[in-house]
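I have placed the structure first, in the form of structure tokens, so that the comments after it can refer back to it.
Derivation of every value follows stated rules applied to the coordinates shown; laboratory data play no part. These figures come from a predicted structure and were not determined experimentally. A quick note on method: Cβ atoms are made from the backbone with ideal geometry, for glycine too, and the neighbour counts reach across all protein chains shown.
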Amino acid sequence: MAATSPTDEEIIAQIKDGSVELFEVIVSRYQKKLINYIYRMISDFDSAMELCQEVFIKVFNSLDKYNPSFKFTTWIHRIASNATIDWMRKKKIDAFSLDGNDDDDSPSLKQQIPSKDLNPLQTLEMSQLKGRIESAIEELPFIYKQLIILRHINELSYEEIANTVELPLGTVKNRIFRGREMLKAKLTSEMKREARYGK
Amino acid sequence: MANDPAGKDPIDPMLDNQTDEDVPEDPFLTETLSNLSDIRVPSEFLPNVMFQVYERHHRDRLSWPQVMLISFILIVVSTGFFAWDVLDYMKAEGLSGFGTALDRKLDLVLNRFEGFLSAAGSVVSAGWQLLSGLFSETPITVQLGILGLLLIMIWLIKKAMAQLVP
């Protein structure tokens with residue numbers, strides 16, 4: 001019989017009791033999600049790494065304030081979200097700018113591992129498609145981008161997102177719907193433009 | 001904390017107040033987005049975080065008697081090294097009294113501007129590290145006050161030593 005792995009909340013309880021080494025499990029579980037979230041929000045790989053480290057240290061230092069009746073996933077994402085917003089404020093990044101980067105894809109994203117079982121041409125097409133989607137996400141206004149990433153990349157539920165960003169559930173659903181529509185519109189116009197000019 | 005970093009929200013507030021609206025899912029877009037490549041996490045990320053976590057944890061666990069003991073050991077060790085240095089100076093200069101050698105050595109070190117700067121810098125840096133570790137929850141003004149007291153104590157010790165050595 002396979003042993004079930006302990007929940008985040010159980011691990012946190014043990015860390016609070018002195019098993020600090022278990023924090024490694026928390027970092028392992030969340031590092032990819034948080035780095036993906038932060039990087040896609042700020043589009044700066046080195047700063048994303050640094051900020052993500054700060055987030056984990058902040059989480060560790062604030063464990064006493066964590067209320068186990070709330071989901072840990074929500075709590076850690078909220079800390080990451082607030083830290084990202086603070087970083088953007090410090091850097092005076094206009095969170096609502098619609099002007100995005102015109103590059104097809106960022107350097108770090110170009111290095112991603114291609115999907116298996118595809119021939120080289122399909123791999124190239126898939127890679128180009130991913131690049132276009134990444135660009136379209138990057139160009140979304142902050143309020144939509146944040147929610148789209150939390151929903152579709154970090155795979156949080158609507159309720160978890162609402163708790164993370166401290167907004168009403170209806171607002172979150174509306175914004176995600178609008179964000180998706182904007183994303184689809186951007187991708188459609190991009191593809192039409194390419195079809196017209198025969199890229 | 002508010003979600004809105006710039007304090008403005010282009011969403012229609014009437015729409016925002018809806019709470020039970022079902023969002024039509026878009027399976028194709030959902031599938032496409034979930035297949036986006038993950039950003040690779042460098043292998044050193046986890047050890048770096050854990051190093052900082054352990055450092056923080058051990059620092060938090062230090063009790064006052066332990067801090068005092070560590071401080072005492074450091075003072076004894078540094079005094080020992082300084083005395084050793086003075087003894088070397090005594091031999092090199094052919095001096096007979098330790099007091100004379102200590103007086104000259106102190107003058108030599110402190111009269112050189114860079115030496116003084118370096119010594120003062122080290123004391124301030126060490127004092128600051130100690131204070132920020134021990135009094136991280138204390139207001140900055142109190143920390144500066146304690147640092148000031150530390151410097152005054154060092155100055156008084158130096159003055160007392162100068163009087164002891166003829």
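Longer than 23 Å from Cα to Cα, which of A:91/A:186; B:91/B:159; A:33/A:71 are they? Say none if no pair is. Before the final figure, lay out each step's value.
Working: A:91/A:186 27 Å; B:91/B:159 26 Å; A:33/A:71 16 Å.
Long pairs (Cα-Cα over 23 Å): A:91/A:186; B:91/B:159.
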Exercise. So what are the three principal axis dimensions of segment A:8-90 from its Cα atoms, in whole Å, longest to shortest?
Worked result: 37, 20, 17
Seminar exercise, completed: Taking a crude spin-label model, label points 7 Å out from Cα along the C-beta direction, the residue B:40 to residue A:129 distance in nm is 2.3 nm
Exercise. With r defined as the distance between the Cβ atoms of residue A:7 and residue A:89 and R0 fixed at 30 Å, what FRET efficiency is calculated, to the nearest 0.05?
Worked result: 0.35
For this session: Among B:109, B:76, A:20, rank each residue by its count of other Cβ atoms within 10 Å, from fewest to most, as a rough exposure measure.
Result: B:76, B:109, A:20
Exercise. With contacts defined as alpha carbon pairs under 8 Å and 6 or more residues apart, what's the relative contact order of segment A:8-90 in percent?
Worked result: 33 percent
Exercise. Other chains' Cβ within 10 Å of A:20-33 residues: what's the mean?
Worked result: 3
